[in-house]
Structure formats: structure tokens, C-alpha cells
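Novice: Sending over a structure as C-alpha cells; questions will come in a sec.
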Amino acid sequence: MLLHGDLQHYNVLFDNERGWTATDPKGVIGELEYELCALLRNPMELPEVFANPVTIKHRLEILTTALHLDYTRALRWSYAQSILSAFWDIEDGYPFVPDNPSLLLARTLKQLI
């Protein structure tokens, strides 16, 4: 399936003419469960919120139930994409640090798998 690839609250904007619009698509091909991770690791400024296991479980339960997706696959894809996101940070010139938000999320997701 064609996916946005970075569907999260910073990339969904309201336009007076078109209504709600998804911006900055990456255009990746994959399973729908892959799309959920960007939502999970936000807001990036609050890792104590998004890397909390209770928050993760709650968000995934809501999303997978509402969208009729597989919870376990979404959890596993989120783990993989969290690690990928940390690599993207390195590519963008950010230093590799243990408290990288994507790695914090990946550590929590690994415990949930």
C-alpha cells in the first residue's frame, strides 16, 4: 500500500480552502501498520510521555482498533521504524546520544514485544 511515511501531528495542517491536509509525504510502500510509528513518537519534545509503556499501549490499542489493524504487527513495525528514525537523525547531522527520543521509544517498544 502507498503510505505517507511520516504521518504525525506536525504534518497534518488545516487549510481554509482544502480543509485538513497531510503535508511532507515520503511516499513509501508498506503495510498500514508501519504508518503508526510516527504518531507514536510525538510530540518529540516530550519523550517522558511518548516513551511511556502505558501511553504506547493506549495509543496502539486505539489506533489498531479504529483502523482494524494488527496490534502486534504495529508494535513490531513501530520498533523497527524507531530505530530507523534514529539513523535518520544521524544522517541529518544530529549527534548519536543515548537519550535520542527515537531510541528511547525503541527501548520501550522492545520491552513490549
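We did not get these values from a lab; they are worked out from the coordinates using the rules stated. In this text, all values refer to a predicted model and were calculated from it rather than measured experimentally. Cβ: placed from backbone, ideal geometry, glycine included. Neighbour counts: every protein chain shown.
Novice: From the set of residues in the range 25-65 that are of a type in the set (Asp, Glu) and surrounded by 13 or more Cβ atoms within 10 Å (Cβ to Cβ), which is nearest to residue 6 (Cα to Cα)?
Specialist: Per the criteria, the residue is 35.
Novice: Residue under question is residue 24, and the condition is that it be under 15 Å from the mean Cα position of the chain (by Cα), at positive phi and touching a residue at least 12 places away in the same chain (Cβ under 8 Å); does it hold?
Specialist: Judged against the criteria, residue 24 is a match.
Novice: Taking the range 81-113, which residues are surrounded by 11 or more Cβ atoms within 10 Å (Cβ to Cβ) and in contact (Cβ under 8 Å) with a residue 40 or more places away in the chain?
Specialist: Looking only at the range 81-113, we keep the residues that are surrounded by 11 or more Cβ atoms within 10 Å (Cβ to Cβ), and these are 81-90, 94, 100-110, 112.
Hits for the range 81-113 are 81, 82, 85, 101, 102, 104, 105, 107, 108, 109, 112.
Novice: Can you name every residue in the range 68-78 that is surrounded by fewer than 20 Cβ atoms within 10 Å (Cβ to Cβ) and of a type in the set (Ser, Thr, Tyr)? Please lay out each step first, then the result.
Specialist: To start, the set of residues in the range 68-78 that are surrounded by fewer than 20 Cβ atoms within 10 Å (Cβ to Cβ) comprises 68-73, 76.
The answer is 71, 72.
Novice: Give all pairs with beta carbons closer than 6 Å in which a residue from the range 45-68 that is in a helix (DSSP H, G or I) meets a residue that is of a type in the set (Gly, Ala, Ser); count only pairs at least 6 apart in sequence or on separate chains.
Specialist: Within 6 Å, the pairs are 60/74; 64/74.
Novice: Among (1) under 21 Å from residue 30 (Cβ atoms); (2) outside any helix (DSSP H, G or I), there is one condition residue 93 misses while meeting the rest; what is its number?
Specialist: (1) is the only condition that residue 93 fails.
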